[in-house]
Structures are given as structure tokens and as C-alpha cells.
Amino acid sequence: MNRKTSRFVLSVLAFGYAFLYIPLASVIVYSFNDSRLATVWGGFSTRWYGELLRNEQVLDAAFLSLRIAVTTATFATIFGTMAGMALSRFGGFRGRTLFAGMIISPLVMPEVITGLSLLLLFISLQQLIGWPAHRGFTTITIAHTTFAMAYVTVIIQSRLSGMDQSLEEAAMDLGGRPLRVVFDITLPLIAPAMVAGWLLAFTLSLDDLVIATFVSGPGGSTLPMLIFSKVKLGVTPDINALATLIILFVSISVIVAWYAMRRMQRQTEKNMQTAAK
């Protein structure tokens, strides 16, 4: 690579990072703004963090979103792992094409259509069996799990497709039952992919606005819904403070997840080297 090409690549890389992170940096800086106007600097102050922590409406929405995101990510990882293993390990079973199409369809389906169809489903169920009695945590979690599971399935299936099956076959040759092989061999090997799928599902749930708007009811406003309703009236400094706390939380979560995945990867490589000897 010559010097001109290297400079061009570095320039494009720098522009890309600046485009992504300068807006985030400006949000963090203006969260410490003393002025009531979010875009006019009035001096350094942490007053808006105090205002944010005293806002029960925002705190309730944040806790609801976190509960939904954690529950969604957990169920989506469980069901997505099962679906990915079925598509990767069970071969061409009857109905495989239909099953794969049903799993992948939420990836290409517009969120408006997904939200509307789930809303009609919940209304029909309420009329037929009286459940759900009201729309809120349960309905939003079901809706988020429906589309987040598709992303986890793709990640797990890709990991299993590129994984060497000789370890699983060796374990079964040594008398291991299929279920024991899954828990002792397969799941530890795909654990990094499961962590990545969990984080992706968590992020998708925490970020969703369109689907949650359709399937939520009175008293079931998530954090994105609350922020969207506030932004329509103009951005206030407490929104910048809230965004800064979310950025901090996500950054810490990504670092912890990266460290955990790296540690699991090293342990897996160590176990494979031990088994090879």
C-alpha cells in the first residue's frame, strides 16, 4: 500500500469516526450545560442530572425498558439458540424451508407491519380468552422477543456452520448422550456467539420505538417512547443527561462483554489444545 492510499484510507476512517462520535460527544458536553436551552452554553453544571434523578416518570420508563430488554434478550437467546441448532444440525427435515422463512421474516418485515399485526393478535386474544388483560410489559416483551430472536438465530446458525463438528462426534463416540454433548461441548463452544446475540437482542429491545408504540398501553411507556414525546416539544438538557447515562451504561456493558467473550475464547482454545494432546 503506497503513501497516498494510506492517507486516503486514514482520512476516510477519521471522517467516519468523527461522523459517528462527534454528535455523541456534543450530547455529553451539553449534558453539563447550566442553561435551560440545550444548544446554548451557559456554564458548567450538573444540575440536570439532579433534575433527571428526581423525575419519576423518566425513571419508571427507564426501569421498564431495562426489564423488558433483559427479559427479551434472555428469551430471544434461548429460542434463537434452539432455532439455530435446529437449522444447522438437523439437516433437511420436513418443513425446514418454511421454518427458516418464518424465522428470517422479521428481519425483512417493516416494523410498522410487525407492530400492527401483533396489536391485532393481542386484541383478538383478549376478546377470545381475556388475555392479555392490558398491554404493557408482557405484550412488549413478546413482541420484542419475536423479532430479536431472528437476529440471534442468524448469529448462532453462522457460528455452528463454521464450527468443527469433530469434537461433538468424538464426545458421542466416547459414549456421551446427545443432550450431554450439547451442554458440555456445543454450548461452551458457541458461548461467545450467544453473548453477542444476547447483547444485540438487548440493544434492539432497548432501542425499539415503533413496535413498542403499537403493543403498549396506558402506563406502559418505554424510555424511547418517553424521549420521543419529549423531543417533539424540543430537546431539553435533562434529555442530554439521560442520553449521557445511557452511553455510559452501554459502554461499560460492551467492555464487560468483550472481556467475558475474550476470556471464554481463551478457555475454549485452551480446552481444545488439551484435548488435542
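The values are calculated or read from the model by the stated rules, or taken from the named source; none is laboratory data. Keep in mind that what you see is a predicted model, and the values were worked out from it rather than measured. Glycine gets a Cβ as well: all are built from the backbone with ideal geometry, and neighbour counts include every protein chain shown.
Summary of computed values
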| item | result |
| --- | --- |
| Some residue of segment 80-102 being buried (at least 18 other Cβ atoms within 10 Å of the Cβ) and under 16 Å from the mean Cα position of the chain (by Cα) | yes |
| Enumerated helices (runs of 4 or more DSSP H) restricted to segment 1-102, each holding at least 1 residues that are within 27 Å of PHE147 (Cα to Cα) | 3-30, 56-89 |
| Residue count, segment 193-213 (criterion: surrounded by 19 or more Cβ atoms within 10 Å (Cβ to Cβ), under 21 Å from VAL256 (Cβ atoms) and more than 9 Å from the chain's Cα centre (by Cα)) | 2 |
| Pairs where the first residue, in segment 32-50, is under 18 Å from GLY234 (Cα atoms) and touching a residue at least 24 places away in the same chain (Cβ under 8 Å) and the second is assigned to a helix (DSSP H, G or I) and of a type in the set (D, E, K, R), C-beta under 8 Å, 6+ apart | TRP48/ASP238 |
| Top-ranked residue of segment 24-46 - restricted to ones that are under 32 Å from the mean Cα position of the chain (by Cα) and modelled with pLDDT under 85, ranked as farthest from LEU248 (Cα to Cα) | THR39 |
